[in-house]
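Okay, structure first, notes after.
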Amino acid sequence: MRHHNRWDLPKGHVDPGETDFECALRELVEETSIEAGHLEVDAEFEFRDYYLVTAGKRKPVVKQKELVIFLGTLQEDIEIQVTEHIGFEWFEWQPPHQIQKKTIDPLLESVARFWTRQKEN
């Protein structure tokens, strides 16, 4: 997903009573129109990352964020409906990637290692 100054992934905050996975599916639908039925989710892959953000203008506070990403494969072509970003782009799978250093590149490195292990087994 394209923000005004960077690439990012569909993501958001977990609602009360919601699991990380339920949140991921809800945010994916809200931000792209991709529904769970369009995906095959790999239950063995989960990526977690932690990073700091500064929130608040008058009294800035540094908070730690947790990012949880699941791996899914689209089962059919879907027309993406961008709702919260200025655009989107599909990137070719050509590791090593240099898309966004903070979260996307480490995620894709983790996916590459995961798929390599899968092929070895």
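The values are calculated or read from the model by the stated rules, or taken from the named source; none is laboratory data. Just so we're clear, the structure is a prediction, and the values are computed from it rather than from any experiment. Positions of Cβ are backbone-derived with ideal geometry, glycine not excepted, and every protein chain shown enters the neighbour counts.
Okay, here's what the table says:
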{"read-out": "Filtered residues of the stretch 68-103 (kept if touching a residue at least 24 places away in the same chain (Cβ under 8 Å) and charged (D, E, K, R))", "value": "E76, E79, E84, E89, K102"}
{"read-out": "Candidate set from the stretch 85-121 (those that are part of a loop (DSSP other than H, G, I, E, B) and of a type in the set (A, V, I, L, M, F, W, C)); member that is surrounded by the fewest Cβ atoms within 10 Å (Cβ to Cβ)", "value": "W90"}
{"read-out": "Residue identified as of a type in the set (V, I, T), under 18 Å from C23 (Cα atoms) and within 14 Å of the chain's Cα centre (by Cα) among I99, I69", "value": "I69"}
{"read-out": "Residue satisfying all of: in the stretch 13-22; free of Cβ contacts under 8 Å to residues at least 24 places away in the same chain and within 22 Å of I104 (Cβ to Cβ); surrounded by the most Cβ atoms within 10 Å (Cβ to Cβ) among these", "value": "V14"}
{"read-out": "Pick from the stretch 69-121, criterion touching a strand residue (DSSP E or B) at 6+ places or on another chain (Cβ under 8 Å) and of a type in the set (D, E, K, R), ranking: modelled with the lowest pLDDT", "value": "K102"}
{"read-out": "Pairs, first over 15 Å from G12 (Cα atoms) and without any contact (Cβ under 8 Å) to a residue 24 or more places away in the chain in the stretch 46-62, second basic (K, R) and part of a strand (DSSP E or B), C-beta under 6 Å, six or more apart", "value": "A55/K63"}
{"read-out": "Residue match in the stretch 60-68 (condition: surrounded by 15 or more Cβ atoms within 10 Å (Cβ to Cβ), modelled with pLDDT of 95 or more and not in a strand (DSSP E or B))", "value": "no"}
{"read-out": "Subset of the stretch 28-59 that is in a helix (DSSP H, G or I) and surrounded by 10 or more Cβ atoms within 10 Å (Cβ to Cβ) - its residue that is nearest to the chain's Cα centre (by Cα)", "value": "L28"}
